[in-house]
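First comes the structure, then the notes that go with it.
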Amino acid sequence: MSDSQNEVLNIAALKASLKQFAVDREWEQFHSPKNLSMALSVEASELLEIFQWMKEEDSWDISDPKLIEAVGDEVADIFVYLLRLATVLNLDLKELVDQKMLKNGKKYPVAKARGNSKKYTEFSD
Ligand SMILES: [Mg+2]
């Protein structure tokens, strides 16, 4: 594990750095919630494209340096746009994740969800 993976992620500093990157290039004018949402979806699709026709079992092996770089680039792009969206909408990501995981815990109680991939709407009572 590299040193950077052991650091605590400072979301506020990262958001500020990404904001400055946009300010320096006068790109804030393009960073509407609509545009950032679309960019986030495009980047997620670029990640999907990497794995699109790969056999399921092969998707576990990304030891090829070019593949690692490609996956890493798209993961970073996704994270960057997510952080920019959270910034322009003034969203508290920690609070949102905490709230959503509480909802998910209610939708997917361990007793019903353990070991299966059904959507909660398919659970029987
Ligand atoms: Mg990309």
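Every number here is computed from the coordinates shown, using simple stated rules; none is lab data. Remember, predicted model here, so these are calculated numbers, not experimental data. When we count neighbours, we look across all protein chains shown, and the Cβ atoms used for this are built from the backbone with ideal geometry, even at glycine.
Of all residues in the stretch 30-72, exactly one satisfies the criterion of being without any contact (Cβ under 8 Å) to a residue 24 or more places away in the chain, within 14 Å of the ligand (Cβ to nearest atom) and under 19 Å from Lys19 (Cα atoms), namely Met38.
Does Ala22 satisfy the condition of being at negative phi, more than 15 Å from the ligand (Cβ to nearest atom) and touching a residue at least 24 places away in the same chain (Cβ under 8 Å)? Criteria met by Ala22.
Scanning the stretch 19-36 for residues that are closer than 10 Å to Arg84 by Cβ and small (Gly, Ala, Ser) returns a single hit, Ala22.
Conditions tested, residue by residue: (1) surrounded by 14 or more Cβ atoms within 10 Å (Cβ to Cβ); (2) of a type outside the set (Gly, Ala, Ser); (3) under 27 Å from Leu9 (Cβ atoms).
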position	(1), (2), (3)
His31	yes, yes, yes
Met54	no, yes, no
Gly72	no, no, yes
Thr87	yes, yes, yes
Val110	no, yes, no
Ser124	no, no, no
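Could you please find all residues in the stretch 73-90 being closer than 21 Å to Val42 by Cα and more than 16 Å from the ligand (Cβ to nearest atom)?
Filtering the stretch 73-90 for residues closer than 21 Å to Val42 by Cα gives 73-89.
Within the stretch 73-90, Ala86, Thr87, Val88, Leu89 qualify.
Only one entry of Leu83, Leu91 meets the criterion of being without any contact (Cβ under 8 Å) to a residue 60 or more places away in the chain and surrounded by 12 or more Cβ atoms within 10 Å (Cβ to Cβ), and that entry is Leu91.
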